[in-house]
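The values are calculated or read from the model by the stated rules, or taken from the named source; none is laboratory data. Predicted model, so just to flag it, every value in this text is computed and none were measured. Please note: Cβ atoms are built from the backbone with ideal geometry, for glycine as well, and neighbour counts cover all protein chains shown.
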Amino acid sequence: MNDPGASARDAERAAAAGLAAETVVAPAAPAPAAIEARGLRKTYTEEDGSELTVLDGVEVRVAPGEAVAIIGASGAGKSTLLHLLGGLDRPTAGAVLLDGHDLATLPEKELAALRNRRIGFVFQFHHLLREFSALENVMIPQLIAGTDPAAAAERARELLDAVGLGRRLTHRPSELSGGEQQRVAVARALANRPVVLLADEPSGNLDSHTSEQLHDLFFRLRAEHGVAMVLATHNRELADRADRILLVKDCQLRSFYPA
Ligand SMILES: Nc1ncnc2c1ncn2[C@@H]1O[C@H](COP(=O)(O)OP(=O)(O)OP(=O)(O)O)[C@@H](O)[C@H]1O
Ligand SMILES: [Mg+2]
């Protein structure tokens with residue numbers, strides 16, 4: 001029934017609670033996710049034909065600018081999950097939603113383009129191109145995206161400067177330390193201003209001091225670029241710096257912190 005006094009009473013109640021009337025009336029719209037997975041299952045078929053299910057019914061929603069750590073025993077499925085989130089592999093069932101697309105079903109060419117523009121990857125072993133300099137390694141994803149070479153070089157210089165490698169631009173990976181190589185990989189991952197950065201054991205190959213510097217870099221860049229981060233790690237110090245920690249166990253993803 002339409003009660004003309006109702007909205008006035010709502011406003012009074014809201015005022016009494018110290019709230020604006022709109023706060024009570026307007027339904028809260030869910031904030032759009034940077035990346036989201038629904039009902040993910042991954043089953044590998046072994047050479048002998050037997051099946052190995054690694055993930056089953058995994059749900060995750062990462063907000064823009066949020067940092068989520070993924071922990072779990074070796075072999076639990078952390079890398080598998082990151083590969084699915086990044087469209088590097090396809091789930092057996094379920095959806096991965098990014099920019100209104102489902103990466104699980106997107107044709108390969110469009111998937112590659114979306115990955116290039118919207119997702120940054122950092123792996124345990126940097127996977128830099130050996131024949132190219134630090135500057136070129138950071139330029140390449142931009143050139144693939146169609147950025148003008150001069151603008152790509154400029155952005156690569158800025159990013160390498162930001163990760164403390166402004167004086168190593170012409171060094172090839174073999175002429176850089178492990179920590180420096182990993183910082184080039186972080187600069188490369190951010191080159192196309194992705195919405196989400198996926199890092200798989202990014203400090204797994206570094207000593208504790210260099211790891212800490214790399215972790216500082218991640219969180220500084222997150223603050224500056226607003227990029228969401230999903231970090232698979234065995235490093236407790238890194239996991240503890242995330243906004244949330246999720247645990248992969250028994251094919252499921254559960255909240256670990258906050259519990
Ligand atoms: N391509 C594949 N084919 C078959 N099995 C696979 C494949 N890739 C991974 N697996 C299996 O899936 C399980 C999960 O592997 P995954 O690499 O995701 O684990 P993880 O949690 O990242 O482990 P780690 O901490 O050691 O990196 C493992 O048992 C692994 O042997
Ligand atoms: Mg792994």
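Counting only residues that are over 22 Å from the mean Cα position of the chain (by Cα), within 11 Å of Gln181 (Cβ to Cβ) and not in a loop (DSSP other than H, G, I, E, B), the stretch 130-144 holds 1 of them.
Consider Pro107 carefully, then state whether it is assigned by TED's automatic domain parsing to the domain that holds His171 and loosely packed, with under 15 Cβ neighbours inside 10 Å. Before you say what the answer is, go through the steps one by one.
On the way: assigned by TED's automatic domain parsing to the domain that holds His171: yes; loosely packed, with under 15 Cβ neighbours inside 10 Å: yes.
Considered against the rule, which asks whether it is assigned by TED's automatic domain parsing to the domain that holds His171 and loosely packed, with under 15 Cβ neighbours inside 10 Å, Pro107 comes out as yes.
When His127 is tested against (1) buried (at least 18 other Cβ atoms within 10 Å of the Cβ); (2) touching a residue at least 40 places away in the same chain (Cβ under 8 Å); (3) part of a loop (DSSP other than H, G, I, E, B), only condition (1) is not met.
Residues in the stretch 34-67 that are within 16 Å of ligand 2 (Cβ to nearest atom) and among the β-branched types (Val, Ile, Thr) were compared, and the one that is surrounded by the fewest Cβ atoms within 10 Å (Cβ to Cβ) is Val54.
The rows are residues; the columns are (1) at pLDDT below 95; (2) of a type outside the set (Gly, Ala, Ser).
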site: Leu106; (1), (2): no, yes
site: Arg117; (1), (2): no, yes
site: Phe125; (1), (2): yes, yes
site: Ile140; (1), (2): no, yes
site: Thr147; (1), (2): no, yes
site: Ala152; (1), (2): no, no
site: Ala162; (1), (2): yes, no
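Taking the stretch 36-56 as the range and being hydrophobic (A, V, I, L, M, F, W, C), in contact with an Asp or Glu (Cβ under 9 Å, 6 or more places away or on another chain) and within 17 Å of Ala104 (Cβ to Cβ) as the test, the residues that pass are Ala37, Leu40.
Residues are listed down the side, and each one gets a yes or a no for (1) more than 22 Å from Ala259 (Cα to Cα); (2) touching a Gly at 6+ places or on another chain (Cβ under 6 Å); (3) at pLDDT below 95; (4) of a type in the set (A, V, I, L, M, F, W, C):
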| position | (1), (2), (3), (4) |
| --- | --- |
| Arg13 | yes, no, yes, no |
| Ala20 | yes, no, yes, yes |
| Val24 | yes, no, yes, yes |
| Ala34 | yes, no, no, yes |
| Arg41 | yes, yes, no, no |
| Gly87 | yes, no, no, no |
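Of all the residues in the stretch 83-104, those that are touching a Lys or Arg at 6+ places or on another chain (Cβ under 7 Å) and either without any contact (Cβ under 8 Å) to a residue 60 or more places away in the chain or not assigned by TED's automatic domain parsing to the domain that holds Ala37 (or both) number 8.
Looking across the stretch 68-103, the residues that are surrounded by fewer than 23 Cβ atoms within 10 Å (Cβ to Cβ), farther than 20 Å from Arg118 by Cα and within 16 Å of ligand 2 (Cβ to nearest atom) come down to Ile71, Gly72, Ala73, Ser74, Gly75, Ala76.
Scanning the stretch 47-84 for residues that are within 11 Å of ligand 1 (Cβ to nearest atom), of a type in the set (A, V, I, L, M, F, W, C) and outside any strand (DSSP E or B) turns up Ala73, Ala76, Leu81, Leu82, Leu84.
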